[in-house]
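First comes the structure, then the notes that go with it.
The values are calculated or read from the model by the stated rules, or taken from the named source; none is laboratory data. Predicted model only: the values in this text are computed from it and were never measured. Neighbour counts are summed over all protein chains in view; Cβ atoms, including those assigned to glycine, are modelled from backbone coordinates with ideal geometry. Ligands, DNA and RNA are excluded from the accessible area calculation, which covers all protein heavy atoms including side chains. Shrake-Rupley method; radii C 1.70, N 1.55, O 1.52, S 1.80 Å.
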Amino acid sequence: MNSKLKVYLAGSIAAGRDFVDGIRIISDTVEQLGLKVVTKSTTVNTSKKFTNSSTLKSRRAIVVRDKKWIRNSDFVIQEVSQYSHGVGYEHAYAESQNKPILLLRHKSLENQKYSAFLDGTDYKMFMFSFYNEDNIKLTLEKFFKKYDNI
């Protein structure tokens, strides 16, 4: 895989960090496959339960920064086990930028109801999968292979 390819990895931050271990596994696997995770410092390596954005100015700066990262990324991967308004917004923005998108929900939640927006889309560059440590590498390889030539 091309080491210059960039991945925007998103997951819940302000809404809670219940699946941060899954986010780390996804990030580590993406990097093992040779791609760069551009959001590592904000999504993966943060111990903060809430975003550090106490002012409107700082909150706007986060949105500007993240939209730029999405525009400059080759792929968007989102861990969607925990509901997050920000992740939903980023998803919609990524679609508007014609980015390949992979939504991942932890396999432990497979029998629980979830939003139709996770797998009901007609967006053409989209995959949805349940994941765990056992299948994440194969799932990511399938996604990257499918959209690597776009």
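Below is a table of values for the structure above.
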{"item": "In the range 92-141, residue nearest to GLY22 (Cα to Cα) [restricted to those that are in a helix (DSSP H, G or I), open to solvent by less than 80 Å² (accessible area, probe 1.4 Å) and hydrophobic (A, V, I, L, M, F, W, C)]", "result": "ILE136"}
{"item": "Extreme residue, modelled with the highest pLDDT, among residues of the range 46-61 that are in a loop (DSSP other than H, G, I, E, B) and exposed (fewer than 12 other Cβ atoms within 10 Å of the Cβ)", "result": "THR55"}
{"item": "Residue that is most open to solvent (accessible area, probe 1.4 Å) [pool: residues in the range 1-30 that are at pLDDT 75 or above, hydrophobic (A, V, I, L, M, F, W, C) and closer than 15 Å to ASP148 by Cα]", "result": "LEU5"}
{"item": "Filter result for SER81 (at pLDDT below 95 and under 12 Å from the mean Cα position of the chain (by Cα))", "result": "yes"}
{"item": "Check on ILE77, buried (at least 17 other Cβ atoms within 10 Å of the Cβ) and touching a Leu at 6+ places or on another chain (Cβ under 6 Å)", "result": "yes"}
{"item": "Residue among VAL87, VAL64 that is without any contact (Cβ under 8 Å) to a residue 12 or more places away in the chain and assigned to a helix (DSSP H, G or I)", "result": "VAL64"}
